[in-house]
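Throughout, read-outs are computed from the coordinates displayed, never taken from laboratory work. Just so it is clear, the structure is predicted and the values come from calculations on it, not from any experiment. When we count neighbours, we look across all protein chains shown, and the Cβ atoms used for this are built from the backbone with ideal geometry, even at glycine.
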Amino acid sequence: RVAYVNGRYVPHREASVHVEDRGYQFADGLYEVVAVRGGLPVDFALHYDRLCTGLAALQIANPLQRAAWIVVLRQMIQRNRVRDGILYLQVTRGVSPRNHLFPHGVMPSVVITARPGSGPSAESISVGVSAVSVADIRWRRRDIKSVSLLPNILAKQQAAEQGAYEALLVAPDGTVTEAGSSNAWMVNASGEILTHPVGHDILPGVTRMVLIRLARAAGYTVVERSFTLEEAKVAREVFVSSTIAYVMPIVSVDGVKIGEGVPGPLALALRTLYVGHVA
Ligand code: PDD
């Protein structure tokens, strides 16, 4: 396996960045996870747009032109012989002696890894998974895909220790913002599909955006409206979406059975639409 580090393809086990990288010291950087299907990146344009928006918000110069990103990602897929898997892209402000202020004249650091893998098991999709609620203690710019993921890893660790697959992140007013590493959705009694609106409170998931488009084109009603944990617990269906999991049905929340306790028809229908989209 090879990794890409600042313009070089290096053996994965030797790939490293400097100890004074600002990503390491300050989590001063961004990342993207892009799926690879059939040897091609999935929805690169949407991931790239989000990366550019994040870089602009943090005043980090884009280290590569769009065409160069595409060349490097293609190289990474080929050199690692990935047919189905994921690309991880990380851009940090760069290497400079530790100081909170932005350094001058420093090149951003770029790290890319690629690995094969086919996401969640068919079994977990057919029986569904559980989630638990965790307080959303993140900062107020969750739209920026920052490498600062402490609240997310703590939430997911807590969920795992309680035997759950995901953490539903709950704001002080009871709203489910999203999940530890995915966007959250529910289906209400009228059959409407609800998911939190974009803005500063959630990550604008690429999968979320594509699913909204696919669902509406297929005639489903999707409403970008937030819902509470209490609403989720009495929902017909709950599911989460991400680049890695696509659409994952949630069959229990805090031990409360959702619907019949099996993956719901809309979650499975959206998953099928999404699988068709990436194929
Ligand atoms: N996580 N919300 C959060 C907090 C996320 O971390 C992610 C993705 C999503 C879904 O976004 P997308 O559909 O663009 O993958 C929503 C990635 C996969 C990760 O951290 O591994």
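Were the residues from Ala67 through Gln158 laid out at 0.36 nm apart, the gain over their Cα-Cα distance would be 28.7 nm.
Seen from Arg37, the other residues with C-beta closer than 15 Å to its C-beta sum to a net charge of +3, counting Lys and Arg as +1 and Asp and Glu as -1. Sorted fewest first by neighbouring Cβ atoms within 10 angstrom, Phe44, Phe26 come out as Phe26, Phe44.
For the range 217-279, the orientation-averaged shadow of the C-alpha convex hull comes to 4.9 nm² (one quarter of the hull surface). Size estimate for the chain follows the Kirkwood approach: the inverse of mean 1/r over distinct Cα pairs works out to 19.6 Å.
Counted residue by residue at 0.36 nm each, then reduced by the alpha carbon distance between them, the extension gain from His104 to Phe26 reaches 26.4 nm. Here the Karplus relation 6.51 cos²θ - 1.76 cosθ + 1.60, evaluated at θ = phi - 60°, turns the backbone of the range 187-194 into coupling constants of 10, 8, 4, 7, x, 7, 9, 10 Hz, with x for every Gly and Pro. Whole-Hz Karplus values for the range 58-69 come out as 9, 6, 9, 5, 5, x, 9, 6, 3, 4, 5, 4 Hz, taken residue by residue from phi with 6.51 cos²θ - 1.76 cosθ + 1.60 and θ = phi - 60°; glycine and proline positions read x. Helix 265-278 and the longest principal axis of the C-alpha atoms of the chain enclose an angle of approximately 30°. I need the fraction of alpha carbon pairs in the range 122-278 separated by more than 26 Å, rounded to a whole percent. Every Cα pair in the range 122-278 considered, those over 26 Å come to 17 percent. Computed from the C-beta positions of Val127 and Arg225 and an R0 of 22 Å, the FRET efficiency is 0.15 to the nearest 0.05.
Taking other C-beta atoms within 10 Å as the exposure proxy, Phe239, Phe227 rank Phe227, Phe239 from fewest upward. A simple rule links phi to the HN-Hα coupling: the Karplus curve 6.51 cos²θ - 1.76 cosθ + 1.60 with θ = phi - 60°, which for the range 224-229 gives 7, 9, 6, 9, 8, 4 Hz, with x for Gly and Pro.
For the pair the range 148-173 / the range 227-279, the C-alpha centres are spaced 17 Å from each other. Measuring gaps between exposed loop sites in the chain (GluC sites (Glu not before Pro); DSSP loop; at most 14 other Cβ atoms within 10 Å), the longest gap, sites not included, is 21-259. Taking amide H positions as modeled 1.01 Å from N, with prolines and chain starts lacking one, the residues under 5 Å from Gly180 and 5 or more places away or on another chain are Ala167, Leu169.
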